[in-house]
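One structure is given here, and the rest of the page talks about it.
Please treat every number below as a calculation from the coordinates, not as lab data. Only a predicted model underlies this, so the values are computations on that prediction, with no experimental measurement involved. Positions of Cβ are generated from backbone atoms using ideal geometry, with glycine treated the same way; all protein chains shown enter the neighbour counts.
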Amino acid sequence: MAGMAELRYSLKQLQKSTDKMTPDSDKVLSAIKADPAMMFRLSGRTPDQWQTALLRSSHPRTLVNCCRQSGKSLTAAALALRSAWLIPGMTVLLLAPSMRQSGELYLKVRELIDDLGSPVPMTSETTTKIDFAHGSRIVCLPASESTVRCYTAALLVIDESSRVSPSLYAACRPMMATNNGRLIALSTPAGRIGWWADAWHSPGPTWSRTMVTADQCPRISKAFLAEEREALPPRLYRQEYDCAFEEGVGAVFSSEDIARCLSDDGIAPLELLPALPSRPTQSDPLSLPGTGEINCTQEVASVL
């Protein structure tokens, strides 16, 4: 029964996509190929400056540090859908820490399809995967090693990356080994530890970095932010709205203190302590250097 229900759902969604087929598919594909920001404009949206820059970027490794409600999930969906439409045979993988969150990503993809139509026909659709007629597909999955190891991805998008474990991140990277795949990791900070925080603070040109604070988002009012400053502890406000990497709640030692403890920089070497006395020998198990020998047999006889 569950299989029949899923089949009926897929047929219903395919009918919707047929009804929403773009009358002039070539023009749509040409427009979004010439300017990726047209993914927003053709759907009746005005992209923020950072969304336009991210959609137009081709950097192979991208970190996006966004405040809450900045529009990062919709931007990730637009990146995924444009890539799948323009490149035949492409696998786009959208990961999130939980099934519920990956489902939200899927809904953003579906929202764009409903608004834009589909210039490339869909051949199948489930609640986690969309297949297109030219061989491309978009797959939305929860972030667990058991669900991702079988994939090769030309585009890997990780949402809420700060909450994805280092082991899963390590399992994802080989997906891009044979096809020069692209990785985009979006998140709001969650403390100062983890692979995403390390990547953000790492030196060098490996990563392209974008930060979007709440005061840069035109959909978040100053009045709301003022209310949040009153309602939240300063550390939580900075993390959620200022994209700050704060110490975890309940942390006894700061990350800087721990780093100093693990570093040799600026720490004077300790003076060596005097050598300890040698251990008692097997023949004289109770002999103590400098105190004379103890005859076990005599001591036991005297007690008896």
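Assorted remarks:
- Cα-based equivalent ellipsoid of segment 58-171: semi-axis lengths in Å, sorted from largest, via gyration tensor: 21, 16, 13
- Taking the inverse of the mean 1/r over every pair of distinct Cα atoms in segment 122-216 gives a Kirkwood hydrodynamic radius of 15.0 Å.
- Packing-based ranking, highest mean first, of 63-71, 117-125 given that Cβ atoms within 10 Å are counted: 63-71, 117-125
- Entries of Lys27/Lys222; Lys108/Lys222; Lys27/Lys129 with Cα pairs more than 32 Å apart: Lys27/Lys222
- Ordering of 24-31, 206-213 by packing [mean C-beta count within 10 Å, highest first]: 206-213, 24-31
- Packing order of peptides 229-239, 101-111, highest average first: 101-111, 229-239 (average count of other Cβ atoms within 10 Å over each peptide's residues).
- Here the calculated FRET efficiency for Cys150 and Arg56, from their Cβ-Cβ distance with R0 = 35 Å, stands at 0.65, rounded to the nearest 0.05.
- Given their separation in residues at 0.36 nm each and the Cα-Cα distance between them, Glu104 and Glu247 gain 48.7 nm when the chain is fully extended.
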